[in-house]
1. Ser358: net charge of surrounding residues, Cβ under 13 Å, Lys/Arg +1, Asp/Glu -1, itself excluded?
2. Go through Ala520, Gly338, Ala422 and say which Cα lies farthest out towards the positive end of the charge dipole of the chain; charges sit on Cβ, +1 for Lys and Arg, -1 for Asp and Glu.
3. Can you pull out the chymotrypsin sites (Phe, Trp or Tyr not before Pro) in the range 306-363 that DSSP calls coil and that have at most 12 other Cβ atoms within 10 Å?
4. Where in the range 240-257 does the label zone of Ala328 land, with the point 7 angstrom along Cα→C-beta and an amide N cut-off under 20 Å?
5. Let me have the 222 nm mean residue ellipticity of the chain computed from DSSP H runs of 4+ only, each contributing -39500 (n - 2.57), with the sum over all residues rounded to the nearest 500.
6. For the chain, give the magnitude of the charge dipole about the Cα centre (Cβ charges: +1 Lys/Arg, -1 Asp/Glu; no others), in debye to the nearest 20.
7. Would you kindly derive the ³J(HN,Hα) couplings of the range 496-504 from the backbone phi angles with the Karplus curve 6.51 cos²θ - 1.76 cosθ + 1.60 (θ = phi - 60°), listing them in order in whole Hz, with x for Gly and Pro?
8. Find the accessible area per residue for the chain; the probe is 1.4 Å, ligands and nucleic acids are left out, and the unit is Å².
Amino acid sequence: MAASEAPCYLGWDFSTQQLKVIAIDEQLRVIYEDNIHFDKDLPEFGTHCGVHVHSDKLTVTSPVLMWVKALDMILEKMKSSGFNFSHVRAFSGAGQQHGSVYWKEGASQILKNLSPDLPLHQLLKACFSVSDSPVWMDSSTTTQCLSLEKAVGGAQHLANITGSRACERFTGNQIAKIYSQNPEVYAQTERISVVSSFAASLFLSAYAPIDYCDGSGMNLLQIRDKIWSTACLNACAPGLEEKLGPVVLSSSVLGSVSPYYIQRYGFSPDCKVVAFTGDNPASLAGMKLEEGDIAISLGTSDTLFLWIKEPTPALEGHVFCNPVDSQAYMALLCFKNGSLIRERIRDDCASGSWDEFSKALKCTVVGNNGNLGFYFDVIEITPEAVGIHRFNRDNNKVPDFPKEVEIRALIEGQFMAKRIHAEKLGYKIMPRTRIVATGGASYNKEILQVLSDVFSAPVYTIDTANSACLGCAYRAIHGLVAETSVSLVDVVKLAPEPRLVVTPTAGSDQLYEPLLKRYAELEQKVLYSPNSSILAKLQEKEKSKTSSRN
Ligand code: XUL
């Protein structure tokens with residue numbers, strides 16, 4: 001068989017700002033990559049960075065038809081570039097975690113009868129009872145979080161069941177908000193998907209189940225037993241189990257691609273759809289992590305995740321089911337102010353140029369002469385704080401820094417926060433610790449040097465920054481053989497090992513030791529409230545409502 005006729009596998013990623021796809025061959029080599037950028041390629045939806053931020057600044061949504069239209073566009077783009085869909089043996093995909101899609105009564109019938117002559121966004125126009133889907137950047141469900149924690153006996157108890165205390169972006173709380181504010185809309189909804197299972201549903205032309213890993217980001221799944229928690233479902237909305245459908249193992253083959261894609265794009269009728277999952281679990285699958293490694297994804301959100309054997313959920317961070325080993329788990333910390341604030345500071349302090357940004361990191365000293373900063377343009381998740389806070393070496397708050405100092409303070413601060421919070425979760429940096437970085441900013445060596453210095457550990461990267469897509473292409477291959485007890489670890493043996501990019505600068509560990517301590521202490525000063533942040537935020541919201549009424 002000629003190389004162009006060899007079987008291939010696809011990995012999709014419905015992320016916050018783009019829809020991305022990667023194709024790999026049987027040797028796991030990347031043979032095709034493409035993307036649709038929501039703001040740039042679909043300006044008619046009026047998103048900024050893929051989302052709509054509402055006037056309360058807490059509600060954040062994305063138009064569901066934008067995601068559908070992006071799929072039409074990327075498939076057309078692939079077709080016109082000569083991509084041969086008939087060679088795709090299987091595919092899987094990822095979605096930004098926690099976001100939810102509300103399918104209107106009758107949508108399953110429409111899905112079943114799609115005419116291949118029309119694009120999906122025209123066919124599915126009337127399928128959604130909520131046109132703007134809540135996404136992971138939303139933090140408007142404080143009331144629902146408090147009542148969920150109360151209903152199940154407290155925050156730690158909820159974390160023990162579902163892997164996380166109540167989080168505003170988690171799907172259960174978003175559903176509870178829709179039910180309480182708009183019961184008719186909830187009643188008209190026949191199925192609720194997360195972004196990943198929604199995307200799989202498009203390809204199956206039927207509702208796809210939610211996989212265990214992405215299900216762990218909902219505050220609804222019992223992560224140990226891998227079943228919905230009746231107590232959590234009941235606390236969120238009535239009749240929810242039926243609207244959510246079943247949960248499945250992440251390596252499950254859900255079925256074959258639907259006739260729509262066979263007729264319109266030339267997919268093979270045998271092409272299998274393997275369960276879609278969340279972007280972070282998918283990245284874990286794409287990064288060939290070993291025990292003891294720390295993965296850091298530097299994207300719209302920055303995340304830090306680890307492979308763990310035993311779940312020990314705490315009030316901070318999350319425990320999800322593991323996409324590679326169904327007996328294992330993954331611990332995750334999410335930082336909302338990731339690439340968007342890096343881009344903003346690049347624009348303000350480096351004339352919009354990454355080269356200038358990198359130069360500033362090179363010409364400033366490790367430890368930034370004791371200047372520290374907290375940069376949260378939007379309400380941060382870890383820690384719960386907002387605003388820009390700069391401190392000089394004497395711990396005095398200052399209004400600004402010179403441009404180069406600002407750039408280093410941002411990057412050092414982002415990585416110090418990651419190390420401090422990973423250590424709070426019980427993670428220890430050991431001599432054999434490797435940091436595996438992915439996401440857009442992992443292309444920038446100077447940023448990775450700071451990461452290496454702050455963690456005092458070598459930093460590795462993989463060949464593509466699109467680890468979620470790649471992980472899904474690997475998962476697609478695995479799906480075909482999972483039932484024969486071949487593991488994903490076996491499947492990815494052929495994949496290239498992560499590559500060493502930087503090692504710590506000599507002496508940086510001694511320099512950062514006191515700085516990390518100071519950073520952790522200063523962080524307490526910038527929090528909403530050191531202890532009960534959700535409650536404090538709610539009180540603050542109430543206060544601002546009252547003052548705007550007066
Ligand atoms: C993880 C999280 C984000 C989204 C978007 O909990 O909220 O990382 O998955 O990428």
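The values are calculated or read from the model by the stated rules, or taken from the named source; none is laboratory data. Just so we're clear, the structure is a prediction, and the values are computed from it rather than from any experiment. Because the Cβ atoms are built from the backbone with ideal geometry, glycine has one as well, and the counts that use them run over all protein chains shown. Side chains are part of the model used for accessible areas, which takes the heavy atoms of the whole protein and leaves out ligands, DNA and RNA. Shrake-Rupley method; radii C 1.70, N 1.55, O 1.52, S 1.80 Å.
1. Numbers: positive: Arg342, Arg346, Lys359, Lys362, Arg408, Lys445; negative: Asp355, Glu356, Glu404, Glu446.
Once positives and negatives cancel, what remains is +2.
2. Ala520
3. none
4. 249-252
5. Values: 22 runs with 215 residues, N = 550.
Calculated from helices alone, the mean residue ellipticity at 222 nm is -11500 deg cm²/dmol.
6. Details: 52 positive and 60 negative charges, 136 e Å.
Dipole about the Cα centre, nearest 20: 660 debye.
7. x, 6, x, 9, 5, 10, 9, 10, x
8. Each residue of the chain exposes 38 Å² on average to a 1.4 Å probe.
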